[in-house]
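Engineer: Take a look at this one; I'll ask things after.
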Amino acid sequence: MKGQSMKFLKACVSLLAAVSFPVFANDIAPDAMIKQVSDEVLQIVRSDKAIQAGDMKRISEVVDAKMLPHVNFTRMTSLAVGRDWRSATPQQQADLGAEFKTLLVRSYAGALSNYRDQQIVFKAFKMKPEETDVLVRTDVRQPGAQPVAIDYNVMKTPDGWKIYDVAVAGVSLVTNYREEFGREIRANGIDGLIKSLRDKNRSAEQAKK
Amino acid sequence: MTICRRLLVFCFLFGLMGGASAQEGFRDPRDPWEKFNRGVYAFNDGMDAYFLRPVAVGYTEAVPLPARTWVSNFVGNIGDVWTAVNNLLQGKPANAASDVGRVLINSTLGILGTFDVASEMGLEKNEEDFGQTLAVWGVGDGPYLVLPLLGPRTARDGSALVVDLYADPVGYYHSVPVRNVIGGLRVVNTRSQLLGADRVLETAALDKYTYTRDFYLKRRTYLVYDGNPPREAEEE
């Protein structure tokens, strides 16, 4: 009898652990997630000799490994493309996503390579439990300069909170691209946009060599 | 000051001419003078690459960080006076009082403004100018405008710049060399803070001109609304 109930209890515990553990991992609050990721990235940027010497490939690897798992790129790309996204074929969407990702990772890596004495300060963050789309506000402070506001739009997904837009000094990255992309699509269609993104990425690749 | 005003007049005239010569293809309604603006943008870009940027790079390399911080705080403290006036004109007396407090604290405890003690005491720096005041009073942006050497503005902000220049306390200081040194420090300080951002623009933008324009216009809206602009409807 005692053995039976012990077994039952054990089963309950393991079931509970199995169910609650992933929930716990995904339950990390959006501001805590961003803090954790940016702390991790900044620590690497500050301590890695290759990055300090300006090795863009190394920074891009760090961004890829640490940052990208927390970004919803499909949503970011679809928002940047705007209403033309729906008329794009799956292949075009995939191409747009891939080229846009390359462009953003390189730009972000470039910005990070300038980080030395910067300090990220998180502004007060409050959210209601039922919210699924929130704004996490931070200030990047550096000695001798005005702080720059960097705000993250974060959405809830089945596997945790994901960033889908970043606003620098109050300007959303996604909307800024939406205007640029919109012009390109109006002039040369979706394939034209893919081509100019590809050309841009390629010329940056060439310049690095 | 007179040179600046002449430049403005010059710009307006050329802007109108640029606007008159219609351009092929899509034209942004916010930027009817695009052709002219692109010309000035290219000119500014060249001046920057050959003159201003190298000076800013030299400045950051030659002057140690603490000294650059003093410079930044010093020119920022002078700017806070006009910020206070604009906050008052915009009907934000609490912010204006905070700005006045900042100037008083930083000019004394902060040793002529070289230390930003007020920020550490919780009086945050505000960013206001007469262009924002006009916006709060209901004046629209007007067409986008790129000024020679001064860079992106809107017609409203470009006109407001004349008022900003007249109101600048440094302009009334009796010693010409001091005025020039402070003017020079302002330019170099501002440009040196944009080192890094300029590189990101280089990598991130498909077209630097439009990327800068869109960024500037959004940034202005953000400032006019003091960091809380009405959220645009997202389209997917």
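Throughout, read-outs are computed from the coordinates displayed, never taken from laboratory work. Fair warning: this is a prediction, and the values are worked out from it, not measured in the lab. With ideal geometry, Cβ positions are generated from the backbone for all residues, glycine too; neighbour counts draw on all protein chains shown.
Engineer: Using a 10 Å cut-off around each Cβ, can you sort B:His174, A:His70 from fewest to most neighbouring Cβ atoms?
Structural biologist: Result, fewest neighbours first: B:His174, A:His70.
Engineer: For a footprinting-style exposure proxy, rank A:Lys123, A:Lys66 by other Cβ within 10 Å, fewest first.
Structural biologist: Ordered from fewest to most neighbouring Cβ atoms within 10 Å, A:Lys123, A:Lys66 come out as A:Lys123, A:Lys66.
Engineer: Continuing with the same structure: For chain B, return all DSSP H helices satisfying: extent of Cα atoms along own axis at least 18 Å; mean Kyte-Doolittle hydropathy at least -0.5.
Structural biologist: B:2-20, B:65-89, B:93-108, B:155-167, B:176-193
Engineer: May I ask you to sort A:Tyr177, B:Tyr59 by Cβ crowding, counting other Cβ atoms within 10 Å and putting the fewest first?
Structural biologist: The most exposed by this proxy come first: B:Tyr59, A:Tyr177.
Engineer: Positive end of the charge dipole of the protein assembly as shown (Lys, Arg +1 and Asp, Glu -1 on Cβ, about the Cα centre): tell me which of A:Ser60, B:Phe26, A:Gly182 has its Cα farthest that way.
Structural biologist: Farthest along the dipole direction, towards plus: A:Ser60.
Engineer: Helix A:90-112 versus the longest principal axis of chain A: what is the Cα-based angle in degrees, 0 to 90, to the nearest 10?
Structural biologist: So the inclination is approximately 90 degrees.
Engineer: Can you give me the relative contact order of chain B as a percent, contacts being Cα pairs under 8 Å and 6 or more apart?
Structural biologist: 22 percent
Engineer: Then there's this: So which of A:Lys162/A:Lys200; A:Lys128/A:Lys156; B:Lys35/B:Lys208; A:Lys35/A:Lys123 end up more than 19 Å apart by C-alpha?
Structural biologist: Too far apart for the 19 Å limit: A:Lys162/A:Lys200.
Engineer: Within a 10 angstrom radius of each residue's Cβ in A:160-173, how many Cβ atoms of other chains show up on average? Whole number is fine.
Structural biologist: 3
Engineer: First check a/c for chain B, with a ≥ b ≥ c the square roots of the eigenvalues of its C-alpha gyration tensor; if it is under 1.5, answer rounded, and if not, answer prolate when a/b is larger than b/c or oblate otherwise.
Structural biologist: prolate
Engineer: Continuing with the same structure: Working from the alpha-carbon coordinates of the range A:2-208, get Rg over Rh, Rh being the Kirkwood radius.
Structural biologist: Reported Rg/Rh, Kirkwood definition of Rh: 1.07.
Engineer: Just to be sure I understand: with springs between alpha-carbon atoms less than 10 Å apart, which residue in B:Gly122, B:Gly39, B:Gly140 has the highest mean-square fluctuation in the Gaussian network model of chain B?
Structural biologist: Highest fluctuation of the listed residues: B:Gly122.
Engineer: Still on this structure, please answer the following. What does the structure give for B:205-217 when I average, per residue, the other chain Cβ atoms found within 10 Å of the residue Cβ?
Structural biologist: Counting Cβ atoms of other protein chains within 10 Å of each residue's Cβ and averaging gives 4.
Engineer: Which whole number gives the average count of other chain Cβ atoms within 10 Å of the Cβ atoms across peptide A:144-152?
Structural biologist: Mean shielding count: 4.
Engineer: Considering the convex hull of the alpha carbon atoms of the range B:146-227, report its projected area averaged over all viewing directions, in nm², one decimal.
Structural biologist: 6.6 nm²
Engineer: Show that you can apply the helix-only estimate: for chain B, add -39,500 (n - 2.57) for every DSSP H stretch of four or more residues, divide by all residues, and state [θ] at 222 nm to the nearest 500.
Structural biologist: So the calculated ellipticity at 222 nm is -20500 deg cm²/dmol.
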